[in-house]
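The values are calculated or read from the model by the stated rules, or taken from the named source; none is laboratory data. Fair warning: this is a prediction, and the values are worked out from it, not measured in the lab. FYI the Cβ positions are ideal-geometry reconstructions off the backbone, even for glycines, and counts take in every protein chain you see. Heavy atoms of the whole protein, side chains included, go into the accessibility calculation; ligands, DNA and RNA do not. Shrake-Rupley method; radii C 1.70, N 1.55, O 1.52, S 1.80 Å.
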Amino acid sequence: WDYSGSTIVSNNEIRLTPDRQSKNGRVWNTIPLMARNWEMLLEFKVHGAGRTLYGDGFALWYVAERNLKPGEIFGAKNNFKGLGIFFDTYSNHNGEHHHGHPYVSAVVFNGTQKYDHDTDGTHNEIAGCQSSFRGQKHDTVASIKYINNVLTVHMDARGKNKWTKCFEVKNVILPIGYHLGFSAQTGQLADNHDILMLKTYEVDLLPGQAFNQEEALKLVPSADGEPERPRSPDKQTSRTSSALWTILYVLLAVIVLLCVIGIAIVVWQKKEESRRRKRFY
C-alpha cells in the first residue's frame, strides 16, 4: 500500500483524515486485483466532535489508475475509470434531495464522465441507500460483492451482526487488473475517517463458466443502473421572500419579548402592592 496527504497509518487503523478542516488523504494498493468475481468486507468508523455539522465522507475505489495526488472527489481524482463506492456524510446539494445523509452510493465511469460533487453525484450514481454509519459508538461493516456482473452492497451500520441490503445492480461491467484504494476529504466541516479492516476474497466461477483473462483486461467499465440524468439547478429562494421571512421572525421575536416584559412588570407591581399593604397594617 502507498499513501499520501493527511493519511496516518497505525497498527489499529488507517486514518485518512483527522477531525480537522481542509484535510485529504489517500491509500492505494500496489497490486492489481485479478479476480473475475470477488467480495470485500470493509470495517470502518466515521466520527468526530461535530453533532449536527460534519463532513465530507470517504470513498472505496476499484479503478485503473492509482493517483496519490489530491483531487475533488473525496480527495481523489475526477474522471476516473472504474468503480467508486462513496460513503457521503454531508449534503452539498442546496436544493431538494431525493435522499438523506449519510448516504452510500456507487458510480461506474469509463474515464470520460465527470462526477458532480456539488449535487452529490445524484445524476451519476447507479444506485444508493441511506445508512446511519456516521457517529456510531460501534464500528460499521460493509459487504461489497461483484459476482457475474452483479454489484451488491450490504451494510451493518447498527452493530447487530445483521446485514441490511443497500442495493443490487445487474449488468455492471468491470475489468480485472484494477487497483483498490481509499480516499477522504474534509472542507469547512470535518470528521475522522478511519479504515479498520479490508478483506478481499476471490469468488469461484460457476461450474462450466468460461473466463478469458486477456478479454477481461480489455473490458470498458459500464453499468445499466440509473441512467445519467441532466443536472437540475438548485432551487434558490428569492431575496425578497427571504427578507420578508427575516422581518417576520424579528417582529415575532419582538412581540414575544414585549409580552414577557409586560408579564414581568405586572407580577412586580402586584408584589409591590402586596408588600405595601402589609406595611400599612
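Could you check region 109-146 and list, in sequence order, the residues that are among the hydrophobic types (A, V, I, L, M, F, W, C), at pLDDT below 95 and either closer than 24 Å to Pro175 by Cβ or assigned to a strand (DSSP E or B) (or both)? Within region 109-146, Phe109, Ile126, Ala127, Cys129 meet the criteria. For region 37-85, a residue qualifies if it is out of contact with any strand residue (DSSP E or B) (no Cβ under 6 Å at 6 or more places or on another chain) and open to solvent by less than 50 Å² (accessible area, probe 1.4 Å), and the qualifying residues are Gly50, Tyr54, Gly55, Asn67, Gly71, Ile73, Asn78. Only one of the numbered conditions (1) touching a residue at least 40 places away in the same chain (Cβ under 8 Å); (2) crowded, with 20+ Cβ neighbours inside 10 Å; (3) of a type in the set (D, E, K, R); (4) under 18 Å from Thr140 (Cα atoms) is violated by Asp88, and that is (1). Of all the numbered requirements in (1) open to solvent by 30 Å² or more (accessible area, probe 1.4 Å); (2) of a type in the set (D, E, K, R); (3) within 30 Å of Gln213 (Cβ to Cβ), Arg26 misses one, and that requirement is (1). Within region 183-202, residues that are within 22 Å of Lys137 (Cα to Cα) and open to solvent by 10 Å² or more (accessible area, probe 1.4 Å) sit with their Cβ atoms under 7 Å from residues that are assigned to a loop (DSSP other than H, G, I, E, B) and of a type in the set (A, V, I, L, M), at 6+ positions apart or across chains, in these pairs: Leu189/Leu53.
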